[in-house]
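**Q** This is the structure I want to talk about, given as structure tokens.
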Amino acid sequence: MMQAADLPDTLSVFPLPGALLLPRSRLPLHIFEPRYLQMLEDALKTPERLIGMIQPSPLPGRPAALHSIGCAGRVTQFSETEDGRYMVTLTGMSRFRILNEVEGFTPYRRCAVSWDGFGRDLGHEEHDPGFDRARFLNLLGRFFSARQLNADWDTLKEAEDELLINSLSMLLDFTPEDKQALLEAPSLETRRETLVTLIEFAMRGGSNEETIQ
């Protein structure tokens, strides 16, 4: 298991709208842009093999701005295609906070980061004592039906709390700002509450009508 002392002060970052990585979760990536191929090659040369996933946050006059919080993933699987692209799996290690962007000669972006406040990310799997799984799955079933989505319900019923909540947070089609809210949730319980709110909001068609029971 990676320790806090193993986390670097400077991190390569991959701004990708809508791509959410959470601690102890896995994110598949298809890397083909030359600058990110270089980033991957450089990451594989380090003991940590870390890449920071971050949401862009374009601001007026600052089209390249980033959100302040992202999640670092360790390259745990990769394969190269015949035409030089990579299929990569990142396993989420810890969230981080950007302190400032580091100027340099790499074609990709690098940031000085702080890991303070995210100590639980490197710990054991989280649990959600207040999780009403039956009610949640009922809501999810109505959401999937409305969106004409299929699911392996046996797997969803048996999945551990963290795996279920984090996987849905990563996979469901929410806006980048919504994904950021899920990332920044301080605990699994608050992430589950945020996820439920987003699902209910989507089922109301984005209106502010009464919450679905």
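Read-outs: derived from the displayed coordinates by stated rules, not from any lab. Computed from a prediction, not measured in an experiment: that's the story for all the values here. Every residue, glycine among them, receives a Cβ derived from its backbone with ideal geometry; neighbour counts consider all protein chains shown.
**Q** What FRET efficiency would be calculated for the residue pair Asp152, Asp83, taking the C-beta separation as r and a Förster radius of 35 Å, to the nearest 0.05?
**A** Numbers: r = 32 Å, r/R0 = 0.93.
The calculated FRET efficiency here is 0.60.
**Q** Then there's this: Under a plain spin-label model, where a point goes 7 Å from the Cα along Cα-to-Cβ, how far apart in nm are Leu99 and Ser167?
**A** Output for this residue pair reads 3.8 nm.
**Q** Taking N as the number of residues in segment 4-122, what is its alpha-carbon radius of gyration divided by 2.2 N^0.38 Å?
**A** Against the empirical 2.2 N^0.38 Å value, I get 1.01 for segment 4-122.
**Q** A follow-up question, please. Regarding segment 133-203, what whole-number volume in Å³ per residue does the convex hull of its Cα atoms give?
**A** Working: hull volume 5.7 nm³, N = 71.
In segment 133-203, the Cα hull volume divided by residue count equals 80 Å³.
**Q** Are there any chymotrypsin sites (Phe, Trp or Tyr not before Pro) in segment 81-128 that are in a DSSP loop and have at most 14 other Cβ atoms within 10 Å? List them by number.
**A** Values: sites: Tyr86, Phe96, Phe105, Tyr108, Trp115, Phe118; in loops: Phe105, Tyr108, Trp115, Phe118.
Counting only loop positions with at most 14 other Cβ atoms within 10 Å, the chymotrypsin sites (Phe, Trp or Tyr not before Pro) in segment 81-128 are Phe105.
**Q** Under the definition of Cα pairs under 8 Å and six or more residues apart, what whole-number percent is the relative contact order of segment 133-203? Mind showing how you got there, number by number?
**A** On the way: 28 pairs, mean separation 23.6, N = 71.
Relative contact order of segment 133-203: 33 percent.
**Q** Grab the Cα-Cα distance for Asp132 and Arg62, subtract it from 0.36 nm times how many residues apart they are, and report the gain in nm with one decimal.
**A** Details: separation 70, 0.36 × 70 = 25.20 nm, distance 4.25 nm.
Extra length from Asp132 to Arg62 when fully extended: 21.0 nm.
**Q** I want to verify the translational diffusion coefficient of the chain in µm²/s; compute it with Stokes-Einstein, Rh as the Kirkwood radius over Cα pairs, at 25 °C and 0.890 mPa s. Walk me through the numbers on the way to the answer.
**A** Working: Rh = 18.4 Å.
So the translational diffusion coefficient is about 133 µm²/s.
**Q** Dipole size in debye (nearest 20) for the chain around its Cα centre, Lys and Arg Cβ +1, Asp and Glu Cβ -1? Let's see the in-between values first.
**A** On the way: 22 positive and 32 negative charges, 62 e Å.
Dipole about the Cα centre, nearest 20: 300 debye.
**Q** Met53: net charge of surrounding residues, Cβ under 11 Å, Lys/Arg +1, Asp/Glu -1, itself excluded?
**A** Working: positive: Arg95, Lys179; negative: none.
In short, +2.
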